[in-house]
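Each remark here refers to the structure printed beneath this line.
The values are calculated or read from the model by the stated rules, or taken from the named source; none is laboratory data. Predicted model only: the values in this text are computed from it and were never measured. Virtual Cβ from ideal backbone geometry, glycine too; neighbours counted across all protein chains shown. Note: areas computed on protein heavy atoms with side chains; ligands, DNA, RNA excluded. Shrake-Rupley method; radii C 1.70, N 1.55, O 1.52, S 1.80 Å.
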Amino acid sequence: MKLLDIAEVSRQTGVAASTLRYYEEQGLIDSMGRRGLKRLFEPNIALKLSFISLGKAAGFSLEDIKGMIGANGQPKISRDKLFERVAELDDQIKRLQKLREAVKHVAECPHPSHMDCGKFRRLLQIGTRRRTAKAGKPSAPGRSSAKP
């Protein structure tokens, strides 16, 4: 089995070497040793990095993704957790569709000033209420917005 050094992995996958080191620090991937100062990885590292990328694209935190990797390095994915994420995505899609319609209305609004438009003014009030409600609400546990 030919091990790949960190520069080769980065070149093949497009994942920065700094991100590879970070993923290793977080326990998402393992290096198999070193050649000089360069970390060495198994050839299947690209598949593991694809799994991490897919998890991030689906909105899972790195901690969530780490929990989806079994002791043998193979995916160990909870279907219940996936269904929870599907429900979250459905809610997000609904909110984005409403936002799209609101932005479209504002773009097409015939009033000379947006402030003359009753619908626009209602949208501003809704936005103010949401900001006020979120100001006192802590972020969801287990969610991290930090992304390398």
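Per-residue answers, yes or no, for (1) under 30 Å from residue 126 (Cα atoms); (2) touching a His at 6+ places or on another chain (Cβ under 8 Å); (3) assigned to a loop (DSSP other than H, G, I, E, B); (4) among the basic types (Lys, Arg):
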{"residue": "23", "(1), (2), (3), (4)": "no, no, no, no"}
{"residue": "28", "(1), (2), (3), (4)": "no, no, yes, no"}
{"residue": "39", "(1), (2), (3), (4)": "no, no, no, yes"}
{"residue": "59", "(1), (2), (3), (4)": "yes, no, yes, no"}
{"residue": "94", "(1), (2), (3), (4)": "yes, no, no, yes"}
{"residue": "103", "(1), (2), (3), (4)": "yes, no, no, no"}
Problem set entry | Matching option when the condition is farther than 22 Å from residue 60 by Cα, open to solvent by 30 Å² or more (accessible area, probe 1.4 Å) and modelled with pLDDT of 95 or more, among 34, 39, 11 | 11
For this session: For the stretch 62-80, indicate whether the set of residues that are among the acidic types (Asp, Glu), in a helix (DSSP H, G or I), touching a residue at least 12 places away in the same chain (Cβ under 8 Å) and under 21 Å from residue 13 (Cα atoms) is non-empty.
Result: no
Exercise. With respect to residue 83, is the statement that it is without any contact (Cβ under 8 Å) to a residue 40 or more places away in the chain, open to solvent by less than 50 Å² (accessible area, probe 1.4 Å) and aromatic (Phe, Trp, Tyr) true?
Worked result: no
Problem set entry | Qualifying residue in the stretch 87-100 (condition: within 25 Å of residue 6 (Cβ to Cβ), surrounded by fewer than 14 Cβ atoms within 10 Å (Cβ to Cβ) and basic (Lys, Arg)) | no
Seminar exercise, completed: Per the list (1) assigned to a loop (DSSP other than H, G, I, E, B); (2) loosely packed, with under 14 Cβ neighbours inside 10 Å, residue check on residue 50 breaks on (1)
